[in-house]
Amino acid sequence: MGIDAHTTGDGQDAQGNQSDAVVATAAERARRRDRAVRAAVEQGIVGPEAPVVGLLDVEGIRESARGLRDAFRAVTRAPVLHAFAVKATPLVPVLRLLDTEGVGAEVASAGELALARAAGVPPERTVLDSPAKTEAELREALALGIAVNADNPQELDRIDALLHAPATGRTGAYAATSPTPATRSPIGIRVNPQVGEGSIEALSTASTTSKFGVALKDEGARDWVLRTYAQRPWLTRLHAHSGSQGMPLELMARAVAETYELAEEINRRAGRQQVDTIDIGGGLPVNFHSDADEPTYARYALLLAETVPGLFDGRYGLVTEFGRSLLAKHGTVLARVEYAKTAGGRAIAVTHAGVQVATRTVYAPTSWPLRIAAYDAKGRPRTGPAVVQDVAGPACFAGDLLARGRALPRLEQGDYAAALDTGAYYFAHHYAYNSLPRPGIHGFTRADGEVRFATVRAPQTLEEIVEEAGGAHLSALTDLDRTTSADDPS
């Protein structure tokens, strides 16, 4: 299958040591980041007037997309659609960049679908997943020919109603010879193999009581799935996703194996290859402790090929839905230190990046720690003895900290603190605490020896904050009160 027998598939040798190539890639990524930070300061991308910005490494994103494609190309001859989980970085230019690298879009709302369409991602490279799809969302997806994974029996009833005239008066009751629906959309069902949780419960979607998919081990559930596919020969896909950060690779592979076995059972009963594509989801965890990619797509693909060899013999097409692992390592939140102070003997660098950009880190620091890099006022890596300090954000509550008790070269007023590995989710989950604005985001690359920037998202203006807060409806409540008083006969 093209796997080098002398490596583990993740850039490590047989003894588990990192290869020179992996070390070199991580080092080059850090060098690109350092150059970009200095250039951002020199070019005024960040500074007193723009004290917090997001930076995206375009070359790094392309490298990750190529690594994903190559990893699965090495283990299967069948077609593979890699669909980026838009929720991870819902930015139109990012989706366009990934589209040029052959990566489609996995969307979970009407908004995410609109972003994918705005980026030019074609319907045949788009997948709709969500546990709460509305009738309007389903109708749009089916009209466009977008792949749909039904989450539950009620949703499948809704799809039935949209695609067929009911054979009986009961919604969803169709004969086994139900005709092929009038849509180009591949349609499947999401199942929950219930293999267990990872270390972050909130992100474990294959637990016993997960809200996602049809829980296969619940009484009667597997029989329902088998019967449903038998009644609907146009159901040609099967989907499972076991979780993301905190999930062991072995548990993820086990979930894929159980989904594959279900597909095999469906096909045996049908006497043909009814399920022709298995959507294995995404969820490759990210290493937040260094610049290295650990684990890699190559390691995961090899583990899958060893665990579920039948999935890679060419009979099944595959869909993947990776998000965090494609973008996390290629983003940096860069924040200016507005003040440097001490409290109780502890040094504190007060910056403009906190809960509004790093919500998960601030509220769950144990699960979502961030690496912090220190730069001086000119954007150069700060040197000097390490000092235990807090890196604080601007929000008005004590827990608004990017890092607590972190040993770093001491940050001074006018320096910059960089929150690393923030390319996924940190640009997605703006939290408007204290009406703090969404920061601008800039992509960077190097050409002719210079770092060049392009605006990915402009910073939010004060006027936009007022508009978002109902500024256009200034008198709505006071006018309502006067109208009510005038209409009151008493």
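Each value in this text was obtained by applying a stated rule to the coordinates, not by laboratory testing. Everything numeric in this text was worked out from a predicted model, so none of it was measured. As a convention, Cβ positions derive from the backbone with ideal geometry for all residues, glycine included, and neighbour counts pool all protein chains shown.
Annotations
- Taking the Cα centre of the chain as origin and assigning +1 to Lys and Arg Cβ atoms and -1 to Asp and Glu Cβ atoms, the resulting dipole is close to 700 debye.
- In percent, rounded to a whole number, the relative contact order of the stretch 254-353 is 26, using alpha-carbon pairs under 8 Å and six or more apart.
- The chain: Lys pairs at Cα distance under 27 angstrom, eight or more positions apart or on different chains: 7
- Cα long-axis angle, helix 249-270 against the chain (0 to 90 degrees, to the nearest 10): 20
- Footprinting exposure proxy for VAL23, VAL308 (fewest neighbouring C-beta atoms within 10 Å first): VAL23, VAL308
- Relative to the compact-globule estimate of 2.2 N^0.38 Å, the Cα radius of gyration of the stretch 329-462 comes out at 1.04.
- Since only ALA88, ALA36, LEU156 are under comparison, the one whose Cα sits farthest along the positive direction of the charge dipole of the chain, derived from C-beta charges on Lys, Arg, Asp and Glu, is ALA36.
- Between the Cα long axis of helix 297-307 and the first principal axis of the chain there is an angle of about 30°, rounded to the nearest 10.
- The residues neighbouring GLY104, those whose beta-carbon lies less than 11 Å from its own, together hold a net charge of -4 under the Lys/Arg +1, Asp/Glu -1 convention.
- In a fully extended conformation the segment linking ARG346 and ALA454 would gain 35.1 nm over its present Cα-Cα distance, using 0.36 nm per residue.
- Selection from LEU436, LEU462, SER367, by position along the positive dipole direction of the stretch 365-490 (Cβ): SER367
- Leading residue at positive end of dipole, the stretch 288-351 (Cβ point charges), from ALA347, VAL333, PHE312: ALA347
- Computed [θ] at 222 nm, helices only, for the chain once each DSSP H run of length n ≥ 4 contributes -39500 (n - 2.57): -9500 deg cm²/dmol
- Rg(Cα)/(2.2 N^0.38 Å) for the stretch 269-360, N = residue count: 1.79
- Summing Cβ point charges (Lys, Arg +1; Asp, Glu -1) relative to the Cα centre of the stretch 438-481 gives a dipole of roughly 440 debye.
- One Cα centroid belongs to the stretch 49-110, the other to the stretch 365-442; the line between them spans 25 Å.
- Relative contact order of the chain, defined on C-alpha pairs under 8 angstrom at six or more residues apart (%): 17
- Relative contact order for the stretch 329-462, counting Cα pairs under 8 Å that sit 6 or more residues apart, in percent: 29
- Angle between the chain longest axis and helix 20-42 axis [Cα atoms, degrees, rounded to 10]: 50
- Cα-Cα pairs of the chain separated by more than 45 Å (percent): 20
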